[in-house]
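The values are calculated or read from the model by the stated rules, or taken from the named source; none is laboratory data. All values reported here derive from a predicted model rather than from experimental measurement. Quick reminder, even Gly has a Cβ in these numbers, built from the backbone with ideal geometry, and neighbours come from all protein chains shown.
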Amino acid sequence: MAIVTTASTTALSSGEQTARWMAFLEEADLRRRVLEIAENYPQDRSLTVPFGDLERIDRGLADTLLERPETCLAAGEAAMRELLPATAALNGPIRLRVAELPSDQHIPVHLLRREHLGKLVAIDGVIRRASTTQPQVVEAVFECAACRQKIRWPQERTLPTLRVPPECDPAQNGCGKPAFKARFSFLEAESLTVDFQRLDLQEDPERLKGGRNPENLAVHLSEDLVEQIYPGTRVTVTGVLRAVPRPAPGRGAGATHSLLDVVLVAVSLEKRSKEYGEIEIGDEDRAEIERWRGDPAVFDRIVDSLAPSIKGMRWEKEAIALQLFGGVEKLLPDGVRVRGDIHCLIIGDPGLAKSQLLLYVSRTAPRGVYASGKGTTSAGLTAAAVRDEATGRWSLEAGAMVLASGGLLALDEADKMSKEDRSAMHEGLEQGQISIAKAGITATLSAKCPVLAAANPKFGRFTMDQPPHLQFDLPPTLLSRFDVILPLRDRPDETTDRNLARAILSQHQEAEAREGERHRTGSVEVATPAGLFSQEFLKKYIAYARQNVRPVMDAEAYAKLESYYMDMRKVLPQEEDTGARGGIAITPRQLEALVRLTEAAARSRLSAQATILDADRAVRIMEHFLSEVTSTGEGKRDIDLLFTGITASHRDQIGKVRHLLERLQAQNPQAQGVSERDLVSAARSEGIGDAEAKRILDELERGNEVYRPRQDLLRLI
């Protein structure tokens, strides 16, 4: 029978709280669980109670817990001990933990105020850093040098310093000398210690509005809560908010600032492992989303709703729309994981709103994180090893890719990063994880997030005298990790330029009108253009699709992808003038990308089955990508141009020149080297022109495969 109470929260004494906790434990049938804890102690040391059960059975006790959590939890732990048999011998405390607080008790970090101090609150966020676990003194034992009496003195857990008794406590048979006359020795072996770990929690960025920066909060864990959470984990921490004096260095011993630091002393931890689960979707939004299920027109509406103020970029927006929905992650029978994330790279001329597009997408994608290559290092992108101020030990701090795990990372100015910093992305892009081995720490962090990157060409702007792939200022090893690469060129065209100019000027006119209205009335309502999804609804639509839709390709979609792949894999005929083999237009990596794009197209319309229409859309985007960046001219394509920097035919020519040099060198081993003129002449007989042969020799020399004993002689190294 539920306990009904109308008592105020301040009317409950410590004894009354203990009695009501005992009644609650009996009513909730938790006595058996308390006995199990005693039997399994110390492996099992705590009882976790859902707050909803306590509120349903004893509302008054639940209100007391929220207002005075420390004394109320202590009373609950006393009640648990009362339920234990007299024969139960525990060599330590048992803990009562409360979880699943109601939504009105979930407070964002940036909204924490002084009225929350000392109250029980729940904080949602992602763990940025986790310190190593160390023992913390909770009750210190000191020995008085005068009387040799041992004094037990409780310690404040949130303070970094050890508190010495003000006197040799007479209540503990001490001599009563004050601290400034007595000399105390700390006895660490007899003191009571517990395991302690400090976390740095960052509030969820997707819950912030207006571009506000997420704030951090220190979280203190103890006893059986330690070592449960790692950097990058999304959690809900229920705990007591405490204020801690901030030391003032240089102002004397014990001096502190008037400003206080805030820490959360954890009572319980709840992992939020379900990706995209943070987005709250109401019944009205769910009904509106379901209305679009299976509608083939919804994809075009989604594309049009992506940064509608940025005109053009149709191919780029289609690729990004598919990236936001993503493919289906799969686990093969041998344990190999096949990623479902789609990585996109836009390389374009300056002034085409690439950065604005990335910012918009990062705010639209659930768990979106924006970073700029100019101010990003490998540690900031993946994870950093930092020395913890409280413990002095090294710990890991999650970087942008780890924080974006389960969301999207928008990386602007990717070409401005150093070579070493860019190489740190390789594992995250392909494997969806970051392996760390720094400062004695070896760990693997989750980084399952699609990456939308933007960069400028090598010379700042695309030039017309070279194909686009030769102007990419990114290494082929990094380019090969992206599913779709789209060059964005600023080509003068009278019709396009006029339409763009009118659109930009029209936007400025509308903005000026809104600004005037705001000055007149003090506020203005910004409405979403007709026929488009609002950014907030689009975010919910994407989250709903990724939570609930796992499309499977039908036979026609499979056949379409297979046919396209086989047509593109047909070996091109050998070139008549050189005899070199033709290039390869596509690799199995692009086939996997096609599968992901097809699944994403089906997911965008909430379809459980990917059809040939979805496969056609994926093929069109892939065809545009390959035609833009792998064309060698005269209708030929060679993907090696993009991923290795040279064509297959050129690689064959390099091999022929090396073979010729090796053969001529073997014919006269006593000679200092082979004449460059003889080598060029021999290459001519193999169908390699004089200029091409000299260019190949320069490449071999730069690659330290060939050296010159004399200016006109060559030898293989």
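Among the residues of the range 360-383, those that are part of a strand (DSSP E or B) and either under 17 Å from Asp341 (Cβ atoms) or in contact with a Ser or Thr (Cβ under 9 Å, 6 or more places away or on another chain) (or both) comprise Gly368, Val369, Tyr370, Ala371, Ser372. For the range 57-73, the set of residues classified as out of contact with any Phe, Trp or Tyr (no Cβ under 9 Å at 6 or more places or on another chain) and either farther than 24 Å from Ile107 by Cα or among the charged types (D, E, K, R) (or both) consists of Arg59, Asp63, Glu67, Arg68, Glu70, listed by residue number. Can you report the number of residues in the range 305-325 which are aromatic (Phe, Trp, Tyr) and surrounded by fewer than 22 Cβ atoms within 10 Å (Cβ to Cβ)? Number of matching residues: 1. Taking the criterion of being over 23 Å from Ile347 (Cα atoms), aliphatic (A, V, I, L, M) and in contact (Cβ under 8 Å) with a residue 12 or more places away in the chain, the residues of the range 402-440 that qualify are Val402, Leu403, Ile434, Ile436, Ala439. Would you please name the residue that is modelled with the lowest pLDDT, looking only at residues in the range 258-302 that are loosely packed, with under 13 Cβ neighbours inside 10 Å and closer than 30 Å to Arg95 by Cβ? Ranking the candidates gives Lys274 first.
Here Asp124 qualifies as assigned by TED's automatic domain parsing to the domain that holds Arg183 and either in contact with a Ser or Thr (Cβ under 7 Å, 6 or more places away or on another chain) or in a loop (DSSP other than H, G, I, E, B) (or both).
Which members of the range 399-422 meet the condition of being part of a helix (DSSP H, G or I) and of a type in the set (Asp, Glu)? Reasoning before the result, please.
First, pick out the residues of the range 399-422 that are part of a helix (DSSP H, G or I): 400-403, 414-416, 419-422.
The answer is Asp415, Glu420, Asp421.
Do we have any residue at all in the range 666-686 that's among the β-branched types (Val, Ile, Thr), in a helix (DSSP H, G or I), at pLDDT 75 or above and within 52 Å of the chain's Cα centre (by Cα)? No: zero hits. The criterion of being assigned to a loop (DSSP other than H, G, I, E, B) and at pLDDT 85 or above holds for Leu101. For the range 571-581, the criterion of a residue being out of contact with any Pro (no Cβ under 9 Å at 6 or more places or on another chain), small (Gly, Ala, Ser) and modelled with pLDDT of 90 or more is satisfied by no position. Of all the criteria given as (1) crowded, with 16+ Cβ neighbours inside 10 Å; (2) not in a helix (DSSP H, G or I), the one not satisfied by Ile37 is (2).
Can you find, within the range 296-346, the residue that is farthest from the chain's Cα centre (by Cα) among those that are part of a loop (DSSP other than H, G, I, E, B) and basic (Lys, Arg)? Write out each step before concluding.
Of the residues in the range 296-346, the ones part of a loop (DSSP other than H, G, I, E, B) are 296-297, 306-313, 326-329, 332-336, 339-343.
When the remaining residues are screened for being basic (Lys, Arg), the result is 311, 339.
On the way: Lys311: 30, Arg339: 15 Å.
Going through the qualifying residues, I end up with Lys311.
For the range 423-437, which residues satisfy the criterion of being closer than 17 Å to Asp483 by Cα and either out of contact with any His (no Cβ under 8 Å at 6 or more places or on another chain) or in a strand (DSSP E or B) (or both)? Explain how you work it out, then say what you get.
Residues of the range 423-437 that are closer than 17 Å to Asp483 by Cα, as a first pass: 425-432.
Matches in the range 423-437: Met425, His426, Glu427, Gly428, Glu430, Gln431, Gly432.
Residues that are over 28 Å from Glu628 (Cα atoms), touching a helix residue (DSSP H, G or I) at 6+ places or on another chain (Cβ under 6 Å) and not β-branched (Val, Ile, Thr) within the range 288-347 comprise just one, Trp292.
If you scan the range 106-121, which residues turn out to be outside any strand (DSSP E or B), under 27 Å from the mean Cα position of the chain (by Cα) and touching a residue at least 40 places away in the same chain (Cβ under 8 Å)? Can you show your working first?
Residues of the range 106-121 outside any strand (DSSP E or B): 107-119.
From what is left, the residues that are under 27 Å from the mean Cα position of the chain (by Cα) are 107-112.
Passing the criteria: Pro108, Val109, His110, Leu112.
Across the range 304-357, the qualifying residues are those that are β-branched (Val, Ile, Thr) and closer than 22 Å to Asp415 by Cβ, and the one among them that is modelled with the lowest pLDDT is Ile310. Of the residues making up the range 547-565, just one is crowded, with 18+ Cβ neighbours inside 10 Å and either within 11 Å of Ala365 (Cα to Cα) or small (Gly, Ala, Ser) (or both), namely Ala557.
Looking across the range 140-179, the residues that are in contact (Cβ under 8 Å) with a residue 40 or more places away in the chain, within 28 Å of Pro245 (Cα to Cα) and assigned to a loop (DSSP other than H, G, I, E, B) come down to Arg157, Thr158, Leu159, Pro160. With respect to the conditions (1) in a helix (DSSP H, G or I); (2) more than 24 Å from Val138 (Cα to Cα), Asp29 falls short on a single one, namely (1).
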